[in-house]
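Everything on this sheet refers to the single structure shown next.
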Amino acid sequence: MLQVLGLVAPVFLLIALGYVSGVRRMLSDEAMRGINDFAFWLCAPALLFVSAASGGGLAAHGGRLEVAFFSCVLLVYAACLVLCRGVARRGLAESGLFALNCAFGNTLMMGLPVVLASFGPAGVAPATAVIGLYSLIMLPLTTIVAEAGLSARARPLQVLRATARSVIRNPVVMAVLLGHLWALFLPPPPAPMQRFLHLLGGGMSPMLLFCLGASLRDFEIRRDWADAVAISAVKLVVLPAVVFGAGRWAGLGALELSVVVVMAAMPTGANAFLLSRRYAVGTERAGAAVLLSTVASVVTLTAVLGILGR
């Protein structure tokens, strides 16, 4: 257990440092935005692209990892949507956004740094497979559900076009997709190119963790705390357990299984909050879920890594 704490402690210390910096306004909003943009638009895409292009993702495991992981994510999403709609009697849009909070994890800002710290560079390839498809699958799906719930006149083709434009503009998704295409049709990138991309991607972890901590200052748990507790329980406990079972059934290797379970154990991602804010539905609930699940993951993620390490 002490070894596990030694792995995750630097991660959460960087998040805490960012939070303190954000609360005390040690850096201006413009400076924080610059750090986040550099990490999101350059560092993360560089690391994910070189991992996928060098044989990670589909080229490495033939899609078994993706099927095992996302079948569980979609199962949890559907179950939460149905329960919220049928039991809590909430609208379709609100139920879809609630389900997204339960099923969408912070795999980039927190997941990838944790994987790097826990499993080293070898863990980046299976993590890349999850990160690229997470936004590509879950955000368009929830957008369609929200549009259908808020407007009976919503045109599916128009919604799909708008969603496709947002996906194309996402550097993380495009980096993974382009990396997969490179791996399918071209030899691995030349050594100088790989060294450059690894050097650029090396700055990702500390900057993204710092920015994640700073962003937590904007969230509160004063309202909707009961929903935030329920969301956190599903996201941090139920989803990792389901993914573990599916991964074992799919015959994933030890490293692949460990990485997908850790990725499933990530707290609710900020994109779930951003989508709620876009539709002005459940915004405070999503913010509370992001904050509470991130704080609670100090305990749950340590436990997950300890179990996987046995």
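The values are calculated or read from the model by the stated rules, or taken from the named source; none is laboratory data. Keep in mind the model is a prediction, meaning the values are calculated, not measured. When we count neighbours, we look across all protein chains shown, and the Cβ atoms used for this are built from the backbone with ideal geometry, even at glycine. All accessible areas refer to the heavy atoms of the entire protein, side chains included, with ligands and DNA or RNA removed. Shrake-Rupley method; radii C 1.70, N 1.55, O 1.52, S 1.80 Å.
A few comments on the model shown:
- Taking 4.7 Å between beta carbons as the limit, the unpaired Cys residues of the chain are CYS43, CYS72, CYS84, CYS211.
- In terms of packing, defined here as the mean over residues of other Cβ atoms within 10 angstrom, the peptides 34-42, 218-226, 7-15, 230-238 line up highest first as 230-238, 7-15, 34-42, 218-226.
- Helix content alone sets the calculated 222 nm mean residue ellipticity of the chain: runs of n ≥ 4 DSSP H residues at -39500 (n - 2.57) each, divided across all residues, give -24500 deg cm²/dmol.
- Excluding ligands, DNA and RNA, the accessible surface per residue across the stretch 155-253 is 58 Å² with a 1.4 Å probe.
- Semi-axis lengths, Å, the stretch 197-260, gyration tensor of Cα atoms, sqrt of 5 times eigenvalues: 28, 25, 5
- Evaluated at q = 0.18 Å⁻¹: base-10 log I(q)/I(0), Debye formula over Cα of the stretch 105-155: -0.62
- Take the Cα radius of gyration of the stretch 195-310 and divide it by 2.2 N^0.38 Å, N being the number of residues; the result is 1.20.
- Whole-Å semi-axes of the chain's equivalent ellipsoid (Cα gyration tensor): 28, 23, 21
- Our summary gives the chain a relative contact order of 32 percent, counting only alpha carbon pairs under 8 angstrom and 6 or more residues apart.
- All Cα-Cα separations within the stretch 258-310 were binned at 5 Å from zero, giving a P(r) of 5, 21, 23, 17, 14, 10, 6, 3, 1, each value a whole percent of the pairs.
- Calculated FRET efficiency for the pair ILE221/ALA122, C-beta based, R₀ 30 Å, to 0.05: 0.25
- Approximate spin-label separation LEU75-ARG161, in nm, with each point projected 7 Å along Cα-to-Cβ: 3.8 nm
- Rg over Rh for the stretch 7-162 works out to 1.03, using Cα positions for both radii and the Kirkwood form for Rh.
- Per residue Cα convex hull volume in Å³ - calculated over the stretch 99-216: 130 Å³
- Remark: the VAL82-PHE196 segment gains 36.3 nm on full extension, using 0.36 nm per residue and subtracting the alpha carbon distance.
- P(r) of the stretch 5-58 over all Cα-Cα pairs, binned every 10 Å from zero, in whole percent: 20, 30, 35, 13, 1
- Modelled spin labels at ARG277 and VAL298, positioned 7 Å past Cα toward Cβ, are 2.4 nm from each other.
- Counting only protein heavy atoms and a 1.4 Å probe, the stretch 88-135 has 22 square angstrom of accessible area per residue.
- The share of accessible area on the stretch 183-310 that comes from carbon and sulfur is 68 percent, using a 1.4 angstrom probe.
- Cβ-based charge dipole, the stretch 145-277, positive-most Cα from MET207, ASN170, LEU160: LEU160
- Ranked by the mean number of other Cβ atoms within 10 Å of their residues, highest first, the peptides 126-133, 299-306 fall in the order 126-133, 299-306.
- Kirkwood Rh, Cα atoms: Rg over Rh of the stretch 60-106: 1.13
- Euclidean distance of C-alpha centroids, the stretch 87-124 and the stretch 274-306, integer Å: 8 Å
- Where a label projected 7 Å from the Cα of LEU184 along Cα→Cβ would reach, residues of the stretch 63-84 with amide N under 17 Å: 63-67
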